[in-house]
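Structure first, then comments.
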Amino acid sequence: MDVGVDIVEIQRIAKSVRNDRFLKRVYTDQEVRYCRGRKNSAQHFAVRFAAKEAVWKAIATAIVRLPSGRRLKGSSLLHRDIQVRNKPNGKPEVIFPKRFAKLARRVSISLSHGQEYAVAMAIFL
């Protein structure tokens, strides 16, 4: 089991999401639509950014597991590859590209935010 945690300042992400290049590099189109459709969009962008970081930290060793230290072919996982969405019951879930789809079943995330900070925790079983 591996754990990843990340906390971000909402104001920092609020400034960053004004940049289209940042949005396209970090978020999927679905995530951008979801966040922009919410009342406090900066909080939603920030908590998703924290989730992507936490997930990456939790699964990093699983996607590059060669004893020689060489990088596993096709193991690059970008922020945009880690999609965070809510199930109908509101629980967040992670969606990966097909080459990492098996990992999604092994990741559980928890998200929270206040006025100033957003935090996420990911557990990889």
Please tell me which of these pairs span more than 19 angstrom C-alpha to C-alpha: K24/K91; K57/K87; K15/K57; K52/K102; K52/K91?
K24/K91; K57/K87; K15/K57
I need the phi-derived Karplus couplings for the stretch 91-108: 6.51 cos²θ - 1.76 cosθ + 1.60, θ = phi - 60°, integer Hz, Gly and Pro marked x.
5, x, 9, 10, 10, 10, x, 3, 5, 10, 4, 5, 5, 4, 5, 9, 10, 10
Which of M1, M121 is most accessible, then next, and so on - probe 1.4 Å
M1, M121
Given the candidates N19, F100, S112, the one whose Cα lies deepest towards the positive end of the charge dipole of the chain, counting +1 at each Lys or Arg C-beta and -1 at each Asp or Glu C-beta, is F100
Got a number for the accessible area of D81? Probe 1.4 Å, square angstrom, nearest 10.
30
The answer for the chain, accessible area per residue at 1.4 Å probe in Å², is 63
Estimated Rh, the chain: Kirkwood, alpha-carbon pairs, angstrom
14.8
Which angle from 0 to 90°, rounded to the nearest 10, does the C-alpha axis of helix 41-63 make with the longest principal axis of the chain?
10
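The values are calculated or read from the model by the stated rules, or taken from the named source; none is laboratory data. Remember, it's a predicted structure, so these values are computed and weren't measured experimentally. Glycine gets a Cβ as well: all are built from the backbone with ideal geometry, and neighbour counts include every protein chain shown. Surface accessibility is based on the protein's heavy atoms, side chains included, excluding ligands, DNA and RNA. Shrake-Rupley method; radii C 1.70, N 1.55, O 1.52, S 1.80 Å.
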